[in-house]
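Report on the following structure.
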Amino acid sequence: MNIDLTDTSTRRIQEALTQARHLMGGPAVGMVLTLIIVTDESAQYDAVRAGTEASREHPCRVLTVISREARGSSSRLDAEIRMGETGPGETVLLRMYGPLAEHSDSVVVPLLMPDTPVVTWWPGGKVPKVPADDPLGALAQRRVTDAYAARDRLGTLAKLAEGYQPGDTDFSWTRLTPWRSLLAAALDQDHDEITGGEVSAEPDSPSAELLAAWLSIRLGVPISRVVSDGPGITGATLTTRSGDLVVSRPDGRVATLSRPDQPDRQVALQRRGMSELLAEELRRLDPDEPYQEASAKFAKDLAAGDGSAAKDKKTRAAAQDKTAVPKSAKPKNGAEGTGG
């Protein structure tokens, strides 16, 4: 069911939602949270699709905030309500014009699900320096960003680390869950003392920088960054006295785990799409302390010009020329499986 409301108000939107639920035979509200998506018109389709797919696992009300013509002289609110077609939740697209676009929180607050958590997600590269201080971020227990979608990926990740507040997280970290699980499982087995290591990935990969920082913190050894052709992270190597423990994934799909004196193993390590990343973040709303530690170390190393984040600029430039990936390139927001 689709309902279009032009030049409307939050009261009329609430009434339309209630009426639509009754018409569909489900007057009770069975949603567990509110997901606020802050995006623009060009990226809203992919973001809403990801939110709708995630709502199959986490029934929620999806409020998509789209600011348009913020410099106009008159305020106007248009709404599009979608229910029952693709998921168990409710999706509301809120298009705000004029000065109203600068006060989107005043529109969103009356539409929040009562007594349920709120998650705010910025799927594009334009994210607040301090998400918790943003009016829509301040409403949420969980604030999700994506440094990989930004023009300056590593700079954006460093700014997010500096402005971190409990509840912040980034898709660059979420993409690492399979990598961290595989490496942790490999290290659970007997192994010699680890003396160092490296993480190889495409240029300016926030996920690779976070993985290197996380490994360095957990293992207490220096982990360097090596630029590869991609896609995403292509390998992680841990050096021991008896040989290297290597996870290699050159194709973005299947990884090879190599250990000293043991046969190689093939492991599924598929790059995940946006909806899977979002669904994972909606499973837990408590502070993500490992992300905070890894991002803080990355920002500290970047500021100090040391460690994996300070890879020689000539080496980075040469790798970028080789892969023909301009530094300013940014992925399509809806691209499946990007970043990790």
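Of note:
- Here the chain yields Rg over Rh of 1.02, to two decimals, using C-alpha coordinates and the Kirkwood radius.
- Comparing Cα centroids, the range 155-177 and the range 247-297 end up 16 angstrom apart.
- Choice from Thr52, Thr34, Thr116 with maximal GNM fluctuation in the chain (Cα, 10 Å cutoff): Thr116
- Helix-only CD estimate at 222 nm, as mean residue ellipticity for the chain, using -39500 (n - 2.57) per DSSP H run (n ≥ 4): -9500 deg cm²/dmol
- Annotation: Asp204 carries an accessible surface of approximately 20 Å², with a 1.4 Å probe and no ligand, DNA or RNA atoms counted.
- Estimated inter-spin distance, Gln189 and Asn2, nm [label 7 Å along Cα→Cβ]: 5.3
- With Cα atoms, 0 to 90° folded angle of helix 289-304 axis to the chain main axis: 70
- The shape of the range 193-302 can be summarised by an equivalent ellipsoid whose semi-axes, obtained from the alpha carbon gyration tensor, come to 23, 19, 14 Å from longest to shortest.
- Contour minus Cα-Cα distance for Val109 and Gln19 (0.36 nm per residue): 30.4 nm
- Solvent-accessible ranking of Thr195, Thr120, largest area first, probe 1.4 Å: Thr195, Thr120
- Tyr45 paired with Val32, simple spin-label distance in nm, labels 7 Å along Cα-to-beta-carbon: 3.1
- Simple label model, 7 Å out from Cα along Cβ direction - Ser181 to Ser73, nm: 5.7
- Sequence-distant residues sharing a close amide H with Asp170 (under 5 Å, placed H): Thr145
- Remark: the range 278-285, residue by residue, has Karplus-estimated 3J(HN,Hα) of 5, 4, 5, 5, 7, 6, 9, 10 Hz, where x stands for each Gly or Pro and the curve is 6.51 cos²θ - 1.76 cosθ + 1.60 at θ = phi - 60°.
- Full extension of the chain segment joining Ala304 with Asp264 gains 10.6 nm, where the gain is 0.36 nm per residue of separation less the Cα-Cα distance.
- Candidates Leu187, Leu302, Leu278: whichever shows maximal mean-square fluctuation once the chain is modelled as a Gaussian network with Cα springs under 10 Å: Leu187
The values are calculated or read from the model by the stated rules, or taken from the named source; none is laboratory data. All values derive from a computational prediction rather than experimental measurement. As a convention, Cβ positions derive from the backbone with ideal geometry for all residues, glycine included, and neighbour counts pool all protein chains shown. These accessible areas exclude ligands, DNA and RNA; they are computed on the full protein's heavy atoms, side chains included. Shrake-Rupley method; radii C 1.70, N 1.55, O 1.52, S 1.80 Å.
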